[in-house]
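Everything on this sheet refers to the single structure shown next.
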Amino acid sequence: MFKWLLAAFIFVPIIEIFGFQFVADRVGGMNTFLLTLLTSAVGVAMMRFEGRKAMEDAKQRMNSGMVPGVSMADGLCIFAGGVLLILPGFVTDIIGFTLVFPLTRPLYRILLLKWMKKNMKNGKITIFRR
């Protein structure tokens, strides 16, 4: 896990710097700055809207006696996407928008649920019931 975090702290800023340079060469420095602010603002608004929908769906499933697994996975994807949207950068914004956007989120949700099942079988994730 530490190796992945270290790689992310090294490579993500490098990729983002190249992304900023690429966009700034095309549209100019000030427009790049304004575009970064705009994507962050739109991302936060989308995260709030989609997050509320996921929370309402989870509450509805729990009230009807169902397990809110899919809703909780959606909520986790929305949270991760929101964090990426708040971070400055175009590459993180693209990934963040795909995590928050309802049409592309199922791709991440499937991967997340497969990862969780695998780790639950291996004993790395334990679920305690009351």
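Karplus-based coupling profile of the stretch 43-53, in residue order and whole Hz: x, 5, 5, 5, 4, 5, 5, 5, x, 4, 4, with θ = phi - 60° in 6.51 cos²θ - 1.76 cosθ + 1.60 and x standing for Gly or Pro.
Placing +1 on the Cβ of every Lys and Arg and -1 on the Cβ of every Asp and Glu, with no other charges, gives the stretch 1-120 a dipole of roughly 520 debye about its Cα centre. The convex hull built on the alpha-carbon positions of the chain has an orientation-averaged projected area of 9.7 nm². Computed over protein heavy atoms with a 1.4 angstrom probe, the accessible surface ordering of 59, 117, largest first, is 117, 59.
Find the centroid of the Cα atoms in the stretch 101-127 and in the stretch 25-84, then give the distance between the two in whole Å. After rounding, the separation between the Cα centres reads 18 Å.
Lysine pair count for the chain with Cα-Cα distance under 29 Å and sequence separation of 8 or more or different chains is 14.
The values are calculated or read from the model by the stated rules, or taken from the named source; none is laboratory data. On a predicted model such as this, the values are computed, not experimentally measured, just so you know. All Cβ positions, glycine included, derive from the backbone under ideal geometry; neighbour counts span all protein chains shown. What goes into the accessible areas is simple: the full protein's heavy atoms, side chains included, and nothing from ligands, DNA or RNA. Shrake-Rupley method; radii C 1.70, N 1.55, O 1.52, S 1.80 Å.
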